[in-house]
Amino acid sequence: MIKKGDNVVAYAFLLPVIILFAIFNAFPMLYSLWLSFVEWDGFSPQKKFVGIQNYLTLSKSSEFYNSLYITIVYTVLVTIFSILIGMLVANMLNSKIRFRSLYRTLYFIPVVTATAASGVVWKYLLDPSQGIINKFLTMFQLPPVPWLTDPFWVIISISMVGIWKRIGFNMVIYLAALQSISPGYYEAADIDGATDFEKFRYITLPLLKPTTILLTIMSFIDSFQIFDQVYVMTNGGPMGASDVLGLYMYREGFKIGHIGYASAVSWVIFLFVFIATLIQFKVTGKGEETI
């Protein structure tokens with residue numbers, strides 16, 4: 001039986017966390033919402049209230065729509081390919097092969113590598129003139145690729161790095177899901193003479209569906225907020241071809257000084273992420289009901 005005094009003790013222990021959350025999370029979030037309705041350069045003591053004008057300006061901005069389009073393309077590419085590759089890698093590493101633990105570690109290292117640091121490394125690797133990747137291509141008599149200097153290739157380049165960063169996380173989650181599948185399904189399939197591909201298609205894929213949906217939503221949430229990787233690798237270039245929403249918001253707020261407008265952009269990003277989070281709660285809630 002829980003006594004009244006127990007609740008007081010519990011709240012006393014929670015109070016420091018609640019205070020820190022309020023100071024560093026709740027208050028800045030509400031403050032940015034208020035800033036999205038004002039015109040402010042970040043330095044002036046006066047903040048002019050303009051209502052929804054920042055949002056109206058945003059809705060008419062071609063630069064905003066360009067950034068939104070690039071962010072969506074990046075998110076779709078990273079989500080699809082990181083899930084497909086992560087699933088295949090997890091399926092291979094779930095079997096009994098030599099150095100399995102080493103392979104798992106190598107695939108997971110990008111996940112814990114600082115995004116800015118890995119972005120710098122990849123920037124040099126993909127350098128059109130001095131990059132190792134293009135030098136490797138020329139060894140096989142293949143033409144060098146303008147990875148970071150061509151509007152078409154730059155989105156592919158930053159997406160490749162995003163996929164590389166995401167594969168290890170998806171792999172670990174898929175490994176946990178694969179190890180929870182009862183071996184009885186595969187034993188029954190062996191008796192029926194099913195091939196490895198048929199077992200993967202008719203047993204593994206359907207049973208991994210809840211995990212795939214969850215990883216899809218999580219990848220969307222993570223990829224849609226991309227900033228530091230693109231900032232380090234391209235800074236939005238060439239010609240705005242990699243100008244994702246996070247970078248667009250940063251430039252408008254901290255370089256140009258449109259703090260109110262940048263806050264409005266941040267809340268648009270929040271809206272997309274919030275919707276994806278609601279879907280995730282809906283999906284995971286249904287999953288718990290079926291257990």
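Each reported figure results from applying straightforward, stated rules to the coordinates on display, with no laboratory input. Everything numeric here is computed off the predicted structure, so don't read it as measured data. Glycine gets a Cβ as well: all are built from the backbone with ideal geometry, and neighbour counts include every protein chain shown.
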Discussion item. Tell me the mean residue ellipticity at 222 nm calculated for the chain from its helices only (DSSP H runs of n ≥ 4, each -39500 (n - 2.57), averaged over every residue, nearest 500).
Written reply: -22500 deg cm²/dmol
Response to the item:
From the cross-link list K96/K199; K165/K199; K60/K282, the entries with a Cα-Cα span beyond 21 Å are K165/K199; K60/K282
Worksheet item: In what order do S67, S263 fall by count of nearby beta-carbon atoms within 10 Å, going from fewest to most?
Response: S263, S67
Item to complete: Quote to one decimal, in nm, the extra length available between A10 and Q130 on full extension: 0.36 nm per residue of separation minus the C-alpha distance between them.
Response: 37.3 nm
Fill in: Dipole in debye (nearest 20) - segment 61-290, about Cα centre, beta carbon charges: Lys, Arg +1; Asp, Glu -1
400
Worksheet item: Hey, can you rank 158-168, 223-233 by average C-beta count inside 10 Å, highest first?
Response: 158-168, 223-233
Practice prompt. Calculate, in nm to one decimal, what D150 and V73 gain on full extension: separation in residues at 0.36 nm each, minus their alpha carbon distance.
Written response: 26.1 nm
Practice prompt. Provide I279, I191, I269 in ascending order of the number of other Cβ atoms located within 10 Å of each residue's Cβ, fewest first.
Written response: I191, I279, I269
Item to complete: Please identify which residues in segment 207-225 have an amide N closer than 11 Å to a label point set 7 Å out from the Cα of Q179, following the Cα→Cβ vector.
Response: none
Response to the item:
Amide H neighbours of E39 at under 5 Å, excluding residues fewer than 5 places away on the same chain, with H built from the backbone geometry, are K48, F49, V50
Discussion item. Using a 10 Å cut-off around each Cβ, can you sort T204, T113 from fewest to most neighbouring Cβ atoms?
Written reply: T113, T204
Practice prompt. Run the quick spin-label model on L137 and F254: label points 7 Å from Cα toward the beta carbon, then report their separation in nm to one decimal.
Written response: 3.2
Worksheet item: What helices in the chain pass both tests, a Cα length along the helix axis of 20 Å or more and a mean Kyte hydropathy of 0.5 or higher, using whole DSSP H runs?
Response: 4-21, 62-93, 151-179, 209-224, 259-290
Worksheet entry | Identified option (computed Cα Rg over 2.2 N^0.38 Å; candidates (i) 1.04; (ii) 1.10; (iii) 1.24) | (iii)
Worksheet item: If segment 77-183 were replaced by its equivalent ellipsoid, with semi-axes equal to the square roots of 5 times the Cα gyration tensor eigenvalues, what would those be, largest first, whole Å?
Response: 31, 15, 13
Practice prompt. Would you give the gap between the C-alpha center of segment 214-276 and the C-alpha center of segment 18-86, rounded to a whole Å?
Written response: 7
